[in-house]
1. Quick one: count up the residues across the stretch 17-31 that are without any contact (Cβ under 8 Å) to a residue 24 or more places away in the chain and either open to solvent by 80 Å² or more (accessible area, probe 1.4 Å) or β-branched (Val, Ile, Thr) (or both).
2. Return the total of residues in the stretch 1-15 being surrounded by 10 or more Cβ atoms within 10 Å (Cβ to Cβ) and either basic (Lys, Arg) or more than 17 Å from residue 52 (Cβ to Cβ) (or both).
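The values are calculated or read from the model by the stated rules, or taken from the named source; none is laboratory data. All values derive from a computational prediction rather than experimental measurement. Every residue, glycine among them, receives a Cβ derived from its backbone with ideal geometry; neighbour counts consider all protein chains shown. SASA here: full protein model, heavy atoms, side chains in, ligands and nucleic acids out. Shrake-Rupley method; radii C 1.70, N 1.55, O 1.52, S 1.80 Å.
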Amino acid sequence: MTAALGITVTPVKDLKVDMNWRYANKLYSSLDVYSYSSASAKGALQLPDYHLI
């Protein structure tokens, strides 16, 4: 899941202040099924959730 939210405020004429927030979770690394040579391979790596401001 990913989400984004942005806001722009104009407190005075010719001045704009903006802010963007982004969130991502349940992201996985790519998985190449042909590169595994043993049954003990753990599969795709789940990446941590993160926020960007």
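1. So the count comes out to 5.
2. Of the residues in the stretch 1-15, 1 are surrounded by 10 or more Cβ atoms within 10 Å (Cβ to Cβ) and either basic (Lys, Arg) or more than 17 Å from residue 52 (Cβ to Cβ) (or both).
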